[in-house]
Amino acid sequence: MQLLKALWALAGAALCCFLVLVIHAQFLKEGQLAAGTCEIVTLDRDSSQPRRTIARQTARCACRKGQIAGTTRARPACVDARIIKTKQWCEMLPCLEGEGCDLLINRSGWTCTQPGGRIKTTTVRASSSC
């Protein structure tokens, strides 16, 4: 009798886990991002000019309340919306480890300076989907 009760409990737990997985799959359908995550949608590089590469990147983010799409450690990320509104770009830590961050004079973006002196400049343009 004890064994039968244990088997029924185990079967009930397995069924419950299966239902949770099915419901979770319905909420997170293919192509839907989990909250607080980002993915790169397009990445275009133009190296037609000597000693200069222009890269354009579009990211898709599912940010939590109070956050907005930004950049952390040279990757798309959800950051505090206040950083974007005040254009204090370096507060979101956009540069790689070991690089220095400086705001552009007009606050239209930032520069990341590598220890060897190479400078990467990033400018921000408003997206029509914001």
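The values are calculated or read from the model by the stated rules, or taken from the named source; none is laboratory data. Not measured: the values here are computed from a predicted model. For neighbour counting, all protein chains shown are included, and Cβ atoms are generated from backbone atoms with ideal geometry for every residue, glycine included. Calculation scope for accessible area: heavy atoms of the full protein, side chains included, ligands and nucleic acids excluded. Shrake-Rupley method; radii C 1.70, N 1.55, O 1.52, S 1.80 Å.
Of note:
- Scoring Gln88 on the criteria (1) modelled with pLDDT of 90 or more; (2) touching a Pro at 6+ places or on another chain (Cβ under 6 Å) leaves a single failure, condition (2).
- Close contacts from the range 53-68, counting a first residue that is over 17 Å from Ile40 (Cβ atoms) and a second that is at pLDDT 90 or above and of a type in the set (Gly, Ala, Ser), with Cβ to Cβ under 8 Å and a gap of 6+ residues or different chains, come to Gly66/Ala81; Gln67/Ala81.
- Matching residues in the range 73-83 - criterion: being open to solvent by 40 Å² or more (accessible area, probe 1.4 Å) and closer than 21 Å to Ile105 by Cα: Ala74, Arg82
- Restricting the range 33-68 to residues that are more than 20 Å from Ile83 (Cβ to Cβ) and open to solvent by 100 Å² or more (accessible area, probe 1.4 Å), the residue that is modelled with the highest pLDDT: Arg45
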